[in-house]
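Written out below as structure tokens is the structure these notes cover.
Rule-based calculations on the coordinates, nothing more; no lab input. These figures come from a predicted structure and were not determined experimentally. Please note: Cβ atoms are built from the backbone with ideal geometry, for glycine as well, and neighbour counts cover all protein chains shown.
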Amino acid sequence: MTIKKIVTFTLAVLVTGGPVLAQNTRSITLDEAIQLGLQNSKQLKLSDAKVKEATLSLHDAQGRMLPEVSVSGSYMRLAQPTIDLKLNSNSQSSGNEQSNPAANIKVNQVAYGIANASLPVFSGLRVHYGIQSAKYLEKAAKLDADKDREEVILNIINAYSNLYKSRAAVDLVKENLHQSQQRVKDFTNLEKNGIIARNDLLKVELQESNTELSLLDAESNMKVTNINVDLLLGLPEETLLIPDTTSFLAMQDARNINDWEQMALGNRKDVAALAMREKAADANIKAARGEYYPSLALTGGYIAADIPNLLTITNALNGGIGLKYSPSSLWKAGTKVSEAKTQKAMIMINRDMLDDQVRIQINKAYEDYLLSNQKINVYEKAVAQATENYRITKNKYDNSLATTTDLLEADVAQLQAKLNYTFAKVDAMVAYNKLLQTAGALNDNKQ
């Protein structure tokens, strides 16, 4: 494998991510990155807002159990009205002002105030089941927030691993460039002494130029990755982050796939959130059926009025029981019940689909983690093989049995094998955390 191909392969495994030109340098561990990312995550702030919205909906539903109180009042100026009090129904002289006292009453204004209160006693249990539904939806929103938290943690882990890979790639290409520059010097001296042809020197110079271009690409990728991590963690864009390599060393037991499936079905927040929404749908069905029944409430009120020169009312208190029933609910409520049942049926279908998705996702994550561990074993052997190959080639070179190119290629192969081994351990750590996230256990593991 040529140096250019090795460099291209190294860059291909990286995921682009954001600049750096850093004036401030900061070493950061994976745990520190996770804590910073959680504190500054815009996605989690949006999740918190959704939880608050669900909580306010619950408070609104609970508020329907409280008394309804209304107060109204009015003041009006009047033109000269015609007033006939009908106080003396036996009077026969309708044109005589003495027989009609209202004829002398001058009314030009009216003021009144009314206060009413109503306390629901029975509403077909619509309020009760409405509160239940709101409680379940609030729990579902909180579970959604926990699921979002796990996704944010996994994104931070991925970004952190890419940052480490990008820096390792830069180091590899710099080492290759140093070897290429040394090779050019050696071949220049050999060409001056007439030992090698001009064409051989041009080949190594071209290889040096290609390596310089590869270094520019690697440094650009590192800058992009760094600035993305800065933004993800809420740090200034010019901060140069130095990842801690020990964050990738711990390996975990893969356990059994059946254990992971059971853990996922029991721990997945989206599964639990869907179960809460199913319970909320049950409550909505019962609330819709409450439309068939009448509403009963305790009522009370107060009235005060003042019509100068005619009427004054004070201390007019009233109280009683109010009954309300709409016969049209007999055919309208059926539609609402059917709609609520349909919503529940859709939730149950989504639940079955999610169960299948969970099993597919957990199996894929499990196989990916096993593959990552197998790659570690293969690359560990490759490091031993590349090291031994370099030792043999170095002995041949010292005895003029191998060329400088053979020696440098053996050295590059050794560096590439070491880098692949390091990358494999990083990938295994990411794969294990992906397995935890798929099983719904990443949040607990990163408390």
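Taking Cα atoms only, the orientation of helix 329-398 departs from the longest principal axis of the chain by about 20 degrees. Placing R0 at 41 angstrom, the Cβ-Cβ distance between H59 and D444 gives a FRET efficiency of 0.85 after rounding to 0.05. Can you tell me the FRET efficiency between A117 and Q43 if r is taken as the Cβ-Cβ distance and R0 is 45 Å, rounded to the nearest 0.05? Taking R0 as 45 Å, the efficiency between A117 and Q43 is 0.50. Over 30 Å between Cα atoms: which of K269/K344; K269/K364; K203/K381 fall into that group? Pairs exceeding 30 Å: K203/K381. Of all lysines in the structure, those lying under 19 Å Cα to Cα from K165, and not within fewer than 8 positions of it along the same chain, are K4, K5, K174, K223, K375, K418, K425, K434. Under 19 Å from the 7 Å Cα→Cβ point of R255, by amide nitrogen: which residues of the stretch 149-166? The answer is 150-151, 154. Label-to-label distance, Q80 versus I392, with points set 7 angstrom from Cα along the beta-carbon direction: 12.8 nm.
Take every Cα pair under 8 Å whose residues are at least 6 apart in sequence, average their separation, divide by the length of the chain, and the relative contact order is 26 percent. When a/c is below 1.5 the answer is rounded, else prolate if a/b is larger than b/c, else oblate, so apply that to the chain with a ≥ b ≥ c taken from the square roots of the Cα gyration tensor eigenvalues. The shape class here is prolate. Placing dummy labels 7 Å off each Cα toward the beta-carbon, the span from Q357 to E175 is 4.3 nm.
If you take all other residues with their beta carbon under 12 Å from the beta carbon of P308, and give Lys and Arg +1 and Asp and Glu -1, the sum is +1. Between A305 and S338, the simple spin-label model (points 7 angstrom out along Cα→Cβ) gives 4.7 nm. Highest average first, the peptides 282-290, 332-340 ordered by how many other beta carbon atoms sit within 10 Å of their residues are 282-290, 332-340. I'd like the distance separating the alpha-carbon centroids of the stretch 227-287 and the stretch 311-351, in whole Å. Measuring centre to centre over Cα atoms gives 41 Å. The packing ranking of peptides 419-431, 253-265, highest mean first, is 419-431, 253-265, where packing means the average number of other beta carbon atoms within 10 angstrom of each residue.
Positive end of the dipole of the stretch 229-367 (Cβ unit charges, origin at the Cα centre): among Y325, V271, G290, the Cα lying farthest that way belongs to Y325. Entry note, the chain: the mean residue ellipticity at 222 nm calculated from DSSP H runs of n ≥ 4, each adding -39500 (n - 2.57), is -23000 deg cm²/dmol after division by the residues and rounding to the nearest 500. Full extension of the chain between K203 and L231 yields a length gain of 5.8 nm, computed as 0.36 nm times the residue separation minus the alpha carbon distance.
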